[in-house]
Amino acid sequence: MQTKGIWLAGVLVVLFLAAVPDTSRGITVPDTVILNTQSKLYEPFTFNHAKHIQLTKECSNCHHHTTGTLVQDPNCVRCHRNSSETQEVSCKGCHQTDSFSATAMHEKDPKTYHKDKPSLKAAMHRNCLGCHENMKGPMGCQDCHQRTKEGDAFYYSGAYAPKNKPSKGEHNGH
């Protein structure tokens, strides 16, 4: 009888630990993260993860479907209402750098919603800019990441290029 009690207590401890958030169980989250490492037009930049955690206090705002929060997007809920959280919490864990590459197009199944899952760039910009607009954060491209020389050459070429180079701090609508 005592063995059953110990076994039951062990099961209860395991269930309790499964319900405790990762950060409370000593799983570390980085204070900073280097983002935009794949871009040719903009420099990588250091994202202040700790500051954003303090501001939002809700990991699932950015890391949807990865931090134990139930899926809330109505398009995702259709199939993922009972899905468990994923192990990969980075954006690039689900969103591809180039959603129109041959590999990405080959992986797309026309019967699934994932055919219009945003690229990594689009996913990050939707999350970042949407939140920055609501919280009155920086909105200019170079407020977060500086253009490379290749980026400048691209930006100042073509039919839609600005007529004059902007002075420091201006963005000329880009």
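Take the residue pairs Lys40/Lys136; Lys121/Lys163; Lys57/Lys117; Lys117/Lys163; Lys40/Lys117 and return only those whose Cα atoms are more than 31 Å apart. Exceeds cut-off: Lys117/Lys163. Put a dot 7 Å past the Cα of Asp98, heading toward its Cβ, do the same for Ser60, and the two dots end up 3.5 nm apart.
For Tyr42, the residues whose amide H sits under 5 Å from its own are Thr148, ignoring neighbours fewer than 5 places away on the same chain, with H placed 1.01 Å from N.
None of the figures in this text is laboratory data; all of them are computed from the coordinates on show. Note that the structure is a prediction, hence the values are computed from the model and not measured. Glycine also receives a Cβ, built like all others from the backbone with ideal geometry; neighbour counts cover every protein chain displayed.
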